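Input: a single structure, listed below in structure tokens.
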Amino acid sequence: MGAQTSTRLRSDDGKVNSVHSLSNWNTQFQSSKTSNKLMVIDFSAAWCGPCKFIEPAVNDLAVEFSDVDFVRIDVDELPDVAKYFDVQAMPTFVLVKKGKERERFVGIKTDELHRMIEKHRF
């Protein structure tokens, strides 16, 4: 009988981790600052049609790039995080490595997001 895991903070298993609290976000972001792993932050909102449209494709990218951390932030749940990254429209994808923004993309072009992940993952 193994111990049950609490809220998962990493997406090591190829899934997108939805972060719902500022403390979980701060823990994950601080951890990313000392890691060489790329983090893809998906800023979305429950009411955002394009966000819902691209969500399955982002989930597929998380499986394809299991060496990358994928995090989903609802801008209405964590407005301070969205403000910190100056998110103006959704969906916005911010690629972060060692705590620094490498590139960002606004929209639903999955091929562009794929290209950016390939460029920054190593």
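Structure data summary
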quantity: Among 76-87, 91-102, the order from most to least packed when residues are scored by Cβ within 10 Å on average; calculated: 91-102, 76-87
quantity: Surface accessible to a 1.4 Å probe, per residue, for the residues of the chain, Å²; calculated: 55 Å²
quantity: Equivalent ellipsoid semi-axes - Cα gyration tensor, the chain, angstrom; calculated: 20, 17, 15
quantity: Relative packing of 14-27, 34-47, which averages over residues the other C-beta atoms within 10 Å, highest first; calculated: 34-47, 14-27
quantity: Long-range HN-HN contacts of E103 with modeled amide H, under 5 Å; calculated: L95
quantity: Amide H contacts under 5 Å for N17, placed H, 5+ residues apart; calculated: F70, V71, R72
quantity: Long-range HN-HN contacts of I108 with modeled amide H, under 5 Å; calculated: none
quantity: Carbon/sulfur fraction of accessible area - the chain, other protein chains in place, 1.4 Å, %; calculated: 53 percent
quantity: Extension gain from S31 to K52, taking 0.36 nm per residue of separation minus the Cα-Cα distance; calculated: 4.8 nm
quantity: HN-Hα J in Hz across the stretch 43-58 - Karplus 6.51, -1.76, 1.60, θ = phi - 60°, x for Gly and Pro; calculated: 8, 9, 8, 4, 8, 8, x, x, 5, 5, 4, 7, 3, x, 5, 5
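The values are calculated or read from the model by the stated rules, or taken from the named source; none is laboratory data. Only a predicted model underlies this, so the values are computations on that prediction, with no experimental measurement involved. For neighbour counting, all protein chains shown are included, and Cβ atoms are generated from backbone atoms with ideal geometry for every residue, glycine included. Keep in mind that these areas ignore ligands, DNA and RNA; they rest on the heavy atoms of the full protein, side chains included. Shrake-Rupley method; radii C 1.70, N 1.55, O 1.52, S 1.80 Å.
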